[in-house]
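The values are calculated or read from the model by the stated rules, or taken from the named source; none is laboratory data. A quick note: this is a predicted structure, and the numbers were derived from the prediction, not measured. Cβ: placed from backbone, ideal geometry, glycine included. Neighbour counts: every protein chain shown. Heavy atoms of the whole protein, side chains included, go into the accessibility calculation; ligands, DNA and RNA do not. Shrake-Rupley method; radii C 1.70, N 1.55, O 1.52, S 1.80 Å.
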Amino acid sequence: YEVVQVAEVLVSLDLVKESLEFYRRHAPEFGFSNNVWSVGVWAAYADLLIAQRQWERLKEVATQMRSIPGGHEALGGFSYFLEGRVAYAQGSLDAAKASFKEAVKMGFPLGRVGIRVGAQLLQMNFPELALEALRPLESRFEEDLGYWKAVFDASDVLRTDEALLLRAATRAHELVPDSL
């Protein structure tokens with residue numbers, strides 16, 4: 001958690017290069033475990049690399065994540081998503097889709113990264129994969145408005161499962177009944 005906080009402070013001080021260097025040094029040290037904090041470090045690092053459009057470095061980070069002993073279960077799906085994100089940014093849609101499929105197959109067992117991945121897949125016009133990424137997360141996030149919004153958005157784009165669309169809308173309304 002502290003790694004992410006320090007890196008965010010550096011970014012807020014307009015020290016983006018320094019923040020990237022800080023992540024480069026510390027993500028392997030503090031992200032080498034099978035826990036939610038590890039995923040958080042890698043996700044924040046990836047977000048910064050995406051924002052800076054450092055695609056080759058992001059691809060290296062995805063490969064590095066898969067090399068973590070014992071971390072493959074927790075980080076494998078996310079690492080393939082990042083690899084697909086690089087391919088997507090570089091215009092290689094078939095390679096991106098293949099990586100996204102592998103990511104969804106491996107899943108997102110820790111943290112909220114699966115919800116973020118689902119939302120980003122939807123933004124990149126992969127609604128089927130977005131829904132595939134989100135469905136296994138329901139039991140863990142049934143009280144999470146962000147989860148139900150992502151499910152609703154993907155279901156709304158697909159328009160193939162009206163029951164799921166209604167369930168997502170109903171659940172979101174139950175969680176925040178006063179919100180329009």
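Some observations on this one:
- Centre-to-centre separation between the Cα atoms of the stretch 89-122 and those of the stretch 41-75: 13 Å.
- Calculated P(r) tail over 22 Å for the stretch 1-90, as whole % of Cα pairs: 20
- Expressed in Å, the radius of gyration and Dmax of the Cα atoms of the chain are 16.7, 48.
- Accessible surface of the chain [probe 1.4 Å, protein heavy atoms]: carbon and sulfur percent: 54
- Unsatisfied cross-links (Cα-Cα over 27 Å) in the set 59/97; 59/105; 17/149: 17/149
- Toward the positive end of the charge dipole of the stretch 101-157, with +1 on the Cβ of Lys and Arg and -1 on the Cβ of Asp and Glu, the farthest Cα among 154, 136, 113 is that of 113.
- Rounded to the nearest 20 debye, the dipole magnitude of the chain is 440 debye, with +1 charges on Lys and Arg beta carbons, -1 on Asp and Glu beta carbons, and the Cα centre as origin.
- For the stretch 33-133, trypsin sites (Lys or Arg not before Pro) meeting the loop criterion (DSSP other than H, G, I, E, B) and having at most 13 other Cβ atoms within 10 Å: 53.
- With Cα atoms, 0 to 90° folded angle of helix 145-158 axis to the chain main axis: 70
- Take the stretch 49-91 with all the other protein chains still there, run a 1.4 Å probe, and you get 44 Å² of accessible area per residue.
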